[in-house]
Amino acid sequence: TCHRAKELSSTGTVLWKGSAETCSTCHDASTVKDLQAYHLKLRAMLPEIAADIARARKALESAKLAPDRSAALAAEMDSLQHDLDFLRAGNDIHNMHYATSLTRVLLERLSAICRVLKTAEPTTTLPPPIKLTK
């Protein structure tokens, strides 16, 4: 239940969010500090990833690929953008494991696209995992 702080969105939708306050109900102060630092690192990565997606889109514009291949890569980048938007809108502190996994997969998929387009791959790296203590 500590990960279930009820809030209302601007549209009146019920949201269940985690927060530093709720973390402290189960975790010691040191762990809460580590969770907050990890959260901030994940959030700080998002603009970098957005810039990498934009750079890949620019590379796609000048790539000499078959139209169907170009369309498939554009659709994949749309999907990556959707995942990035989800990470922005979601509160990763609520489920950092999921946010970390999604970010890892997003970076892997974007790196694969960059290799096809022969452009620089993202250099963003995930922060090291934290050990949770109760």
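Bear in mind these aren't lab numbers, they're just calculated from the coordinates by the rules spelled out. Predicted model only: the values in this text are computed from it and were never measured. Because the Cβ atoms are built from the backbone with ideal geometry, glycine has one as well, and the counts that use them run over all protein chains shown.
Brief remarks on what is shown
- Compared with the direct C-alpha span, the chain from Ser9 to Ser62 gains 15.0 nm at full extension, assuming 0.36 nm per residue.
- Extension gain (nm, one decimal) between Lys118 and Lys41, 0.36 nm per residue minus Cα-Cα: 24.9 nm
- Ordering 63-74, 79-90 by mean Cβ neighbour count within 10 Å, with the highest value first, yields 79-90, 63-74.
- Label-point gap, in nm, between Ala75 and Asp28 - each point 7 angstrom along Cα→Cβ: 5.2 nm
- Annotated for the stretch 33-132: lysine pairs at least 8 residues apart or interchain, Cα distance under 27 Å, count 6.
- Taking a point 7 Å out from the Cα of Glu48 in the direction of its Cβ, none of the residues of the stretch 93-116 has a backbone N less than 11 Å from it.
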